[in-house]
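To start, the structure under review is shown below, and the notes come after it.
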Amino acid sequence: VVIPINGVKMWLWRAVDGNGDVLDILVQPRRNAKAAKRFLRRLIARFGQPRVLITDKLRSYIKPSRQLTPEADHRAHKGLNNRIEGSHRPTRKREKIMGRFKSPRQAQRFLAAHDQINTVFRPRRYQISANSYRHARADAFGLWKDYAAEMAA
């Protein structure tokens, strides 16, 4: 997704796992094969080789995916990357509330933290019952309260 920062287009690269949880993000000024290779290298170093790689139809993904993940099944299709497209919604909402991002570094730092916190506080509603959802939220807030108390001490 493109994010305007001080009138300059910056590209937000986002990796999402099969459950819809954000693995990593990267804010870059370009959307080419070199940028794709940089992002994929970061992901592979952190999470290992993927079995399946689903991307949008950008042609720049082809060469880096073949070089870095030769055994992975690379699927580039409009409908398959809906999890990634859906994960942009909270980012757009926060961006609007904050009055846009001020710099690429600030966007990178904020979004990396926001996505991790969002994963803890927003369990996937469609996978659990309402009672389990309430318990998961209560556990998340309990953890957050403990962490905040630990940081304050």
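The values are calculated or read from the model by the stated rules, or taken from the named source; none is laboratory data. In this text the structure is predicted, and so the values were computed from the model without any measurement. Here Cβ is always computed from backbone atoms with ideal geometry, including for glycine, and neighbour counts include all displayed protein chains. Surface areas here come from the heavy atoms of the whole protein model, side chains and all, with no ligands, DNA or RNA. Shrake-Rupley method; radii C 1.70, N 1.55, O 1.52, S 1.80 Å.
Checking each residue in segment 118-131 for being assigned to a helix (DSSP H, G or I) and surrounded by 12 or more Cβ atoms within 10 Å (Cβ to Cβ) picks out N118, T119, V120, F121.
Considering only residues that are β-branched (V, I, T) and farther than 23 Å from K102 by Cβ, which ones fall in segment 1-47? V16, I44 - these are the residues of segment 1-47 that are β-branched (V, I, T) and farther than 23 Å from K102 by Cβ.
Identification of helices (runs of 4 or more DSSP H) wholly contained in segment 1-112 with 3 or more residues that are out of contact with any helix residue (DSSP H, G or I) (no Cβ under 7 Å at 6 or more places or on another chain), open to solvent by 60 Å² or more (accessible area, probe 1.4 Å) and under 30 Å from I128 (Cα atoms) yields 82-98.
A quick yes/no check of all residues on (1) at pLDDT 85 or above; (2) closer than 17 Å to H74 by Cα; (3) out of contact with any Cys (no Cβ under 7 Å at 6 or more places or on another chain):
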residue	(1), (2), (3)
L12	yes, no, yes
D21	no, no, yes
V27	yes, no, yes
K37	yes, yes, yes
R42	yes, no, yes
G48	yes, yes, yes
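Figure legend. Inter-residue proximity from segment 132-151: first residues under 14 Å from I117 (Cβ atoms), second residues in a helix (DSSP H, G or I), beta-carbon distance below 6 Å, spacing 6+ or different chains. Indicated pairs: A140/V120; A140/F121.
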